[in-house]
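**Q** Have a look at this one before I ask anything.
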Amino acid sequence: MFGAPQPVTASSTPLVPLPRRPLDPSGASGQVRRWYENELGWPTVPGDPLRLPVGVRYDVLDAPAEAGHAALRRLASGSPVALHGGRMLLLVAAGSAEELPGLLEWLDWGALSLDLVAIGAGGLMEAPSPPVPHGQRAVPHVERPVPTARGSRTAAPPEAGAPPAPWGRVGSQGAAVWLRPPEPGCEVEASLPTLSALGGGGDAPDLVRLVNTVATQCHRVRLRRACAQPPAMRAQGR
């Protein structure tokens, strides 16, 4: 009634995918994530590229690198600073982002358009590559496009066997790097600029002086760029 059974062939067998090998947790991205989570105790966000949540242990002042360099003297020696493209990321005490608008008003910078951004709770920061200890080789890392407010930036992967490029040069290519890396085993909060340091006797850097210095340099950078433009473009910008 049902007929003779048909032989089972390869074409009639449903395609079953072969078991996939689990991702190697000891790969380059896993090593970087463990460095942040285990060595520093900093939380990370799942996904690739690796990102760090801001507002948990620190906030970030995002300024042009040219302006940020002038403010380094306002920081403690252990205060972390990163470069990302042409920007400098200054780590400050958590909660500082909420204080920035009022602080700029109090310092008489509120009426000017400054290329200064504060990133606080809910924000993300691309995780800079950890510093390479002396005598060890750099962890291989392939850069991927990173979406930003100014578009997508992509850094070319380094050639095999090539020595690591200097901090500033790597940062100018778009990959986030540490200019002053955090130190494992040290509480980062103690080295960050904070508003409570104003008039206090502690060792924490003063956020007010830092913001005033960065704002002053941002304004100077803006004026220099405006003067460098052709007269026609300066007339359009008025």
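The values are calculated or read from the model by the stated rules, or taken from the named source; none is laboratory data. Computed from a predicted model, the values in this text were never measured in an experiment. As a convention, Cβ positions derive from the backbone with ideal geometry for all residues, glycine included, and neighbour counts pool all protein chains shown. Note: areas computed on protein heavy atoms with side chains; ligands, DNA, RNA excluded. Shrake-Rupley method; radii C 1.70, N 1.55, O 1.52, S 1.80 Å.
**Q** Does at least one position in segment 173-196 carry a residue that is surrounded by 12 or more Cβ atoms within 10 Å (Cβ to Cβ), in contact with a strand residue (DSSP E or B) (Cβ under 9 Å, 6 or more places away or on another chain), modelled with pLDDT under 50 and closer than 22 Å to Ala28 by Cα?
**A** Within segment 173-196 (the criterion being surrounded by 12 or more Cβ atoms within 10 Å (Cβ to Cβ), in contact with a strand residue (DSSP E or B) (Cβ under 9 Å, 6 or more places away or on another chain), modelled with pLDDT under 50 and closer than 22 Å to Ala28 by Cα), the answer is yes, since at least one residue qualifies.
**Q** If you don't mind, there's one more thing I want to ask. Identify, please: which residue in segment 105-152 is within 24 Å of Arg224 (Cβ to Cβ), at pLDDT below 50 and among the small types (Gly, Ala, Ser) and is, among those, surrounded by the fewest Cβ atoms within 10 Å (Cβ to Cβ)?
**A** Looking at residues that are within 24 Å of Arg224 (Cβ to Cβ), at pLDDT below 50 and among the small types (Gly, Ala, Ser), I get Ala149.
**Q** Among the residues of segment 93-100, is any in a loop (DSSP other than H, G, I, E, B), closer than 19 Å to Leu223 by Cβ and not polar (S, T, N, Q)?
**A** There is no residue in segment 93-100 that is in a loop (DSSP other than H, G, I, E, B), closer than 19 Å to Leu223 by Cβ and not polar (S, T, N, Q).
**Q** How many residues, within segment 35-56, are among the basic types (Lys, Arg) and at pLDDT below 95?
**A** Residues that pass the stated criteria total 0.
**Q** Taking segment 46-69 only, how many residues are open to solvent by 30 Å² or more (accessible area, probe 1.4 Å) and aliphatic (A, V, I, L, M)?
**A** 1
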